[in-house]
Amino acid sequence: MVLTACEDPIKLDLPDQTNLIVIEGWITNEDRPQTVKISRINGFSSQEPNPVISDARVTVIENSTEIAYTYIGNGIYSGPDGFNGREQRFYQLQVILSGGDTIISVPEILRTPVEIDSVGFDFFTENDPDNPGSRIDIYYPVIFATDPIQPENFYRWKIFNGDSLYNATEDIVLLSDQFFNGNTFRNDLIQFQFDMNDTIKAELLSLSKSAYKFFQLFRGQTTSLGTASGTSPASIQGNLTNISNDGQSVLGYFGATSLSRKETIIN
């Protein structure tokens, strides 16, 4: 018997999305520059960085007050010195492109930050990959905070080792207060691994429901690609709309978040 085989190439007819605008930005309660980045997306398989947009007019509206942003390079626009988010105020982004299109975000309120009660650590032991037969201790954060009494609070944890953020898609940790509303909650973040004498820094970000869902979709889309149960590649819609061209999607997100921070040294 002679076995033969041939390849039947499959070409996916993906929609052309090489001209879509991507906007990334947040208003926070931190005393630091508030920034927005604007670019255009490349094709799905492109390895090139997204081309940036440097000639837009960018304004953030705080309640009814307009704050103009200035272009500082690399697609980034920055608010004026001393401008940062204030509690219980609404924030909305407006971007006017050089061609005349106007993009706006859904307004978001900057909530009162939820303070972190304490940052501690625990550990587990595992085999030392560099020394067979030996065991090593692996430390991870244990963090407590108290949720406000009002329902539907949404959070994201950001964890740093010293000044280095754990920044992979798998490191996006999201919480809803559905099961602990108004109570103290504990998080054992075992996926973040530390050594003795490392500094654990934790940030607790208060999110809108819309931002929480956006991060859920983003994490689910990017962490399942290439797996048996993976989702098909698709654009993730945020809270931005091109009001000059209703059929033109805008990617990314502009939101308002308050955060608190606490740290500890493992010793």
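So for the pair residue 186, residue 149, with labels modelled 7 Å out along Cα→Cβ, what separation do we get in nm?
2.5
Using a basic spin-label model with each label point 7 Å from the Cα along Cα→Cβ, how many nm lie between residue 263 and residue 176?
Placing both labels 7 Å along Cα→Cβ, they lie 3.4 nm apart.
Residue by residue through the range 252-267, which ³J(HN,Hα) values in whole Hz follow from phi under the Karplus form 6.51 cos²θ - 1.76 cosθ + 1.60 (θ = phi - 60°), with glycine and proline marked x?
Calculated HN-Hα couplings, in order: x, 7, 10, x, 10, 9, 9, 9, 10, 9, 7, 8, 8, 10, 7, 7 Hz.
Could you run the Karplus curve 6.51 cos²θ - 1.76 cosθ + 1.60 with θ = phi - 60° over the range 126-139 and give me ³J(HN,Hα) per residue in whole Hz, x for Gly and Pro?
Along the range 126-139, the couplings run 8, 5, 7, x, 8, 8, x, x, 9, 10, 10, 8, 10, 9 Hz.
Within the chain, which is the longest segment that contains none of the GluC sites (Glu not before Pro) sitting in a DSSP loop with at most 14 other Cβ atoms within 10 Å?
The answer is 153-267.
Solvent-accessible area per residue for the range 109-267 at a 1.4 Å probe radius, Å²?
I get 52 Å² per residue for this part.
Give me the extension gain from residue 89 to residue 19: residue separation times 0.36 nm, minus the current Cα-Cα distance, reported in nm with one decimal.
Roughly 21.9 nm would be gained on extension.
List, in order, the whole-Hz ³J(HN,Hα) value for each residue of the range 71-77 obtained from phi through the Karplus relation with A = 6.51, B = -1.76, C = 1.60 and θ = phi - 60°; use x for Gly and Pro.
Working through the residues one at a time gives 6, 10, x, 6, x, 9, 10 Hz.
Give me the percent of accessible area attributable to carbon and sulfur for the chain, probe 1.4 angstrom.
With neighbouring chains kept in place, the figure for the chain is 49 percent.
Can you list the lysines whose alpha carbon sits under 29 Å from that of residue 201, skipping same-chain ones fewer than 8 residues off?
In chain and number order, the partners are 37, 158, 209, 213, 262.
The values are calculated or read from the model by the stated rules, or taken from the named source; none is laboratory data. In this text, all values refer to a predicted model and were calculated from it rather than measured experimentally. Cβ coordinates were reconstructed from backbone atoms using ideal geometry, including for glycine residues, and neighbour counts include every protein chain displayed. For the accessible areas, the whole protein counts, side chains as well, though only heavy atoms, and no ligand, DNA or RNA atoms are used. Shrake-Rupley method; radii C 1.70, N 1.55, O 1.52, S 1.80 Å.
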